[in-house]
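Note sheet for the following structure.
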């Protein structure tokens, strides 16, 4: 890594009771890199994303973003756990799209996208709405501004969710199994939006996904997770073409057979 | 004869409506405060909320009204409330305790994903509550809330026993004089029934206005 | 200027209050029996395929549930004699509260029966189980479990509603306390003690209902301690 990493996970651990979900994990992500996280359920992929989004606290290690600590803040002697205010500052450069969309059901698509810019960034209502309308246009929903989530298909809702996350102008975008809850024929429209995002912006993107085909063509790097650790990582050609570990091979075989 | 007693009954009905509206407002306020208290991080607040809820749910409404009417004016309290105030406070406190449980359930029924999405967007906690959680919780509270409001309406009849001139009081008064118990009590029942249906209708309209979707997530 | 709380007085009136408390409990049990039986009857009638039976019953149930118990008691006590039915105050009170709550309990029965999945009925048919066996061994055991906490709660609610009977001169706990108060000019002790009696009994009953709920829950529905 020549430039300093955009995201750095150092010895990150997370436990739920006696269960270790993340096991002293190390990972560096370069600015503008697109990384796909794959692996069996429970291997820690989503947990890592949620820790980066500061939705859950980690039990060990540190996460750094753009050189500054994210989960911890400078204290009197070294690093201490970040407080709410510090976390909110750190969160502001990161956006997340969820598996279940989590759109606000009582707001229209436009209101969903405009809410955070208005209430967090303090944008005047008109400006927030304009930004929201533009973003919804870029994800192909310019004609659905006044629709409520219940009136939209799953693929459309997920695209609104992407626009909503983008409205905060993040530098890092996280995608947590964003097509897993969609009917197969609706996945394409969401993946296309993500593909275009990757082409046009210099966003750093982390995706947890089961869509191996998409990961292969879109990602710069694939990380295979197993039992809280990254077992293997490499370019798509390396990982899919010549997996080193038996477990990786077993997983890839099972996934290919299923699709 | 009926033409003469109708104005009296209507006067009582207006008082009943007045008490119902004021007591509901108080009950809703207390319900929200107690629900938030029960869900709060501070143990003292949780304990206080639990005390309020268990006490006012566990005791009889009429006993509470009598206590406010007969005992409160005495030492060491020395607070003399008018029958009207006794009615509004007694009903508000009693129904508010039941409402707190409804509100708590409604707040907890908002999917966790909504809160996480709001956190991910860095929406500050207060706005998160007022713009995201509360609107969705209120939609869920309307169903059981309607039944509770009708309970409140029925409860207003008890204020007649602490000398407040509501519909039940007037009905009793009229019957004592005219002995037309069948007609008067019959009409009284019909008026209460009509008021209950008004509550049902109002809440149904409110629900329709508020609800745009049961959930914004994957189906 | 008398004492704030006269504990001697409180002790002296305790026997009278306890006796009235027993009356209250007796009224509750009698009324609840009527409510359980009446509710079952109403629930079955509502399920009748004959529209001219189910519809009026539904209307009556809705009417009774939407109107105050107090006026219904007045009706039973003051109006029924005109139709030839002379009820004593306690009888009118028990009948009134029993009939009032039978409309709530009818709902509990209906919801409980409808909560049993349709597949259960169909399985009984497929196995050619006679109707009585189907009800007794398959349907009712599944229907009763969720009904128990609801029934328990209505028992407690009825108990707390008995003071309303004081309006038709039934000498239950509340009226007794009020009478003691008006004779002795000391209201604090009797009314507070009456209130505490209701509070203690209903808290106890609520705890018992919760225990009953846990004891009769099927293994899968019991909450496990999460890791």
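Structural remarks
- Restricting segment A:79-111 to residues that are more than 10 Å from every other protein chain (Cβ to nearest Cβ) and out of contact with any strand residue (DSSP E or B) (no Cβ under 8 Å at 6 or more places or on another chain), the residue that is surrounded by the fewest Cβ atoms within 10 Å (Cβ to Cβ): A:85
- All conditions in (1) surrounded by 13 or more Cβ atoms within 10 Å (Cβ to Cβ); (2) more than 30 Å from residue B:178 (Cβ to Cβ) hold for residue B:20, with the sole exception of (2).
- Scan of segment B:72-114 for residues that are within 14 Å of chain C (Cβ to nearest Cβ), in a helix (DSSP H, G or I) and surrounded by fewer than 19 Cβ atoms within 10 Å (Cβ to Cβ), ordered by number: B:101
- Scope segment B:38-77; condition in contact (Cβ under 8 Å) with a residue 60 or more places away in the chain and within 20 Å of residue B:103 (Cα to Cα); matching residues: B:38, B:39
- Those residues of segment C:167-192 which are touching a helix residue (DSSP H, G or I) at 6+ places or on another chain (Cβ under 6 Å), more than 24 Å from residue C:74 (Cβ to Cβ) and more than 10 Å from chain B (Cβ to nearest Cβ), in sequence order: C:180
- Matching residues, segment B:52-71, being surrounded by fewer than 18 Cβ atoms within 10 Å (Cβ to Cβ) and either touching a helix residue (DSSP H, G or I) at 6+ places or on another chain (Cβ under 6 Å) or closer than 24 Å to residue C:4 by Cα (or both): B:55
- Residue in segment A:145-153 that is without any contact (Cβ under 8 Å) to a residue 24 or more places away in the chain, more than 20 Å from residue A:48 (Cα to Cα) and within 9 Å of another protein chain (Cβ to nearest Cβ) present: yes
- Of the helices (runs of 4 or more DSSP H) entirely within segment B:123-219, those holding at least 2 residues that are within 14 Å of chain A (Cβ to nearest Cβ) occupy B:134-155, B:181-210.
- Test: residue in segment C:196-204 that is away from chain B (no Cβ under 11 Å), in a helix (DSSP H, G or I) and surrounded by fewer than 16 Cβ atoms within 10 Å (Cβ to Cβ): no
Residue-wise test of (1) farther than 12 Å from residue C:28 by Cα; (2) assigned to a helix (DSSP H, G or I); (3) modelled with pLDDT of 90 or more.
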residue	(1), (2), (3)
C:155	no, yes, yes
C:158	no, yes, yes
C:161	no, yes, yes
C:167	yes, yes, yes
C:171	yes, no, no
C:178	yes, yes, no
C:182	yes, yes, no
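- Restricted to strands (runs of 3 or more DSSP E) entirely inside segment A:4-103, those with at least 3 residues that are modelled with pLDDT of 90 or more are A:7-16, A:19-29, A:34-38, A:60-65, A:94-97.
- Only a single criterion out of (1) closer than 16 Å to residue B:121 by Cβ; (2) crowded, with 18+ Cβ neighbours inside 10 Å; (3) in contact (Cβ under 8 Å) with a residue 60 or more places away in the chain is not satisfied by residue A:44, namely (1).
The values are calculated or read from the model by the stated rules, or taken from the named source; none is laboratory data. Keep in mind that what you see is a predicted model, and the values were worked out from it rather than measured. Note: ideal-geometry Cβ built from the backbone for every residue, glycine included; neighbour counts use all protein chains shown.
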